[in-house]
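As structure tokens, the structure follows; a few thoughts come after it.
The values are calculated or read from the model by the stated rules, or taken from the named source; none is laboratory data. Keep in mind it's a predicted model, so treat the numbers as computed, not measured. Because the Cβ atoms are built from the backbone with ideal geometry, glycine has one as well, and the counts that use them run over all protein chains shown. Ligands, DNA and RNA are excluded from the accessible area calculation, which covers all protein heavy atoms including side chains. Shrake-Rupley method; radii C 1.70, N 1.55, O 1.52, S 1.80 Å.
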Amino acid sequence: MQPRPKLTLIHTSDIHIGSERPEESRRGFDAVLQAVRDTSAHALLIAGDLFDSSRAPADEVAYALEALRALHRPVILLPGNHDTLLTAPGAAPVPLPPNTTILRHPQGQTVHFPDLGLHIWGKPVADHTPDFRPLGGLPPRNGHGWFVAMAHGLAADDKYLEGRSSPITYRELADADCDYIALGHVHIFRDLTRGRAPAFYPGSPSESTAPSVAHITLDHEHGVQVQPILFHL
């Protein structure tokens with residue numbers, strides 16, 4: 001079996017473009033894009049809440065989409081509970097750049113990037129309630145490439161999750177048959193690893209007292225390494 005190629009990824013979430021603090025979200029978004037360039041990352045993962053709501057101003061949406069296009073590398077976007085611009089029934093289709101893939105299937109879907117040896121699975125948040133399970137239905141790995149799961153929700157112990165929307169249990173994290181779990185929803189950098197697969201919140205690059213993203217290295221020889229990149233905005 002051929003060794004899997006070494007990859008670097010930038011993992012972000014909770015940018016909230018179009019929020020009531022537009023300059024802050026714009027600075028955070030620009031910092032994410034610069035981190036992708038500075039690290040020569042092979043792809044950008046956005047684990048939910050790129051946009052703040054379906055009322056995000058058209059000029060802010062256009063700016064974000066053009067900036068993603070200009071990265072000239074794959075962008076994988078998992079809609080979070082705020083991304084109603086992308087998920088609301090009857091919403092006008094957002095004209096995505098050709099390098100950007102949205103994980104839309106309500107039961108979860110896997111996308112494959114053959115040139116990177118990378119598979120990514122995620123289930124969009126269409127119904128932010130206690131019944132929605134962001135990692136529910138995660139399939140086992142299929143093939144010999146890297147397998148990354150994306151999930152937007154609250155990861156915690158069972159007692160804390162009682163009545164919470166979009167819960168992710170520690171058991172689900174422990175049982176996940178993948179190489180990395182890219183979480184979103186919590187606005188601080190946090191290690192939630194409970195099994196073989198590292199599971200991290202990257203922090204918010206804009207709506208946080210310590211803005212950050214996660215820098216992921218997938219290495220066949222040395223395994224998966226995760227480091228925060230802190231922003232001084």
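Residue check: is ALA62 at pLDDT below 95, within 21 Å of HIS185 (Cβ to Cβ) and of a type in the set (Gly, Ala, Ser)?
Taking the combined requirement at face value, the residue does not satisfy it.
Within region 124-146, can you find the residues that are under 14 Å from the mean Cα position of the chain (by Cα) and free of Cβ contacts under 8 Å to residues at least 40 places away in the same chain?
Residues of region 124-146 under 14 Å from the mean Cα position of the chain (by Cα): 124-125, 134-135.
Matches in region 124-146: PRO134 only.
Condition first: part of a loop (DSSP other than H, G, I, E, B) and open to solvent by 10 Å² or more (accessible area, probe 1.4 Å). Now tell me which residues in region 5-16 satisfy that.
Taking region 5-16 first, the residues part of a loop (DSSP other than H, G, I, E, B) are 5-6, 13-16.
Those that are part of a loop (DSSP other than H, G, I, E, B) and open to solvent by 10 Å² or more (accessible area, probe 1.4 Å): PRO5, LYS6.
Take the residues of region 134-168 that are more than 28 Å from GLY117 (Cβ to Cβ) and assigned to a loop (DSSP other than H, G, I, E, B): which is least open to solvent (accessible area, probe 1.4 Å)?
Filtering region 134-168 for residues that are more than 28 Å from GLY117 (Cβ to Cβ) and assigned to a loop (DSSP other than H, G, I, E, B), the one least open to solvent (accessible area, probe 1.4 Å) comes out as SER166.
Taking the residues in region 46-71 that are acidic (Asp, Glu) and open to solvent by 20 Å² or more (accessible area, probe 1.4 Å) as candidates, determine which candidate is farthest from ILE216 (Cα to Cα). Step through it out loud before you land on a result.
First pass over region 46-71, keeping only residues acidic (Asp, Glu): 49, 52, 59-60, 66.
Restricting the remaining residues to those that are open to solvent by 20 Å² or more (accessible area, probe 1.4 Å) gives 52, 59-60, 66.
On the way: ASP52: 25, ASP59: 31, GLU60: 28, GLU66: 24 Å.
Applying the filter and picking the extreme gives ASP59.
SER19: open to solvent by less than 50 Å² (accessible area, probe 1.4 Å), touching a residue at least 60 places away in the same chain (Cβ under 8 Å), among the hydroxyl-bearing types (Ser, Thr, Tyr) and assigned to a loop (DSSP other than H, G, I, E, B), yes or no?
yes
If I filter region 170-186 down to residues being more than 15 Å from ILE120 (Cβ to Cβ) and either charged (D, E, K, R) or touching a strand residue (DSSP E or B) at 6+ places or on another chain (Cβ under 8 Å) (or both), which single residue comes out as surrounded by the most Cβ atoms within 10 Å (Cβ to Cβ)?
For region 170-186, the residue satisfying everything is HIS185.
Taking SER19 as meeting all but one of (1) more than 17 Å from GLY184 (Cβ to Cβ); (2) modelled with pLDDT under 95, write down the number of the exception.
(1)
Inside region 118-127, can you point out the residues that are in a loop (DSSP other than H, G, I, E, B) and either of a type in the set (S, T, N, Q) or at pLDDT 95 or above (or both)?
Passing the criteria: LYS123, PRO124, VAL125.
Restricting to region 27-45, count the residues that are assigned to a helix (DSSP H, G or I) and open to solvent by less than 20 Å² (accessible area, probe 1.4 Å).
The first filter runs over region 27-45 and keeps only residues assigned to a helix (DSSP H, G or I), leaving 27-39.
From what is left, the residues that are open to solvent by less than 20 Å² (accessible area, probe 1.4 Å) are 28-29, 31-33, 35-36.
Total satisfying the criteria: 7.
Quick one: ASN81 ticks every box in (1) farther than 28 Å from TRP146 by Cα; (2) touching a strand residue (DSSP E or B) at 6+ places or on another chain (Cβ under 9 Å) bar one, so which box is it?
Failing condition for ASN81: (1).
Within region 80-98, is there a residue that is modelled with pLDDT of 95 or more, more than 17 Å from PRO211 (Cβ to Cβ) and in contact with a helix residue (DSSP H, G or I) (Cβ under 7 Å, 6 or more places away or on another chain)?
No, there is no match, as no residue in region 80-98 is modelled with pLDDT of 95 or more, more than 17 Å from PRO211 (Cβ to Cβ) and in contact with a helix residue (DSSP H, G or I) (Cβ under 7 Å, 6 or more places away or on another chain).
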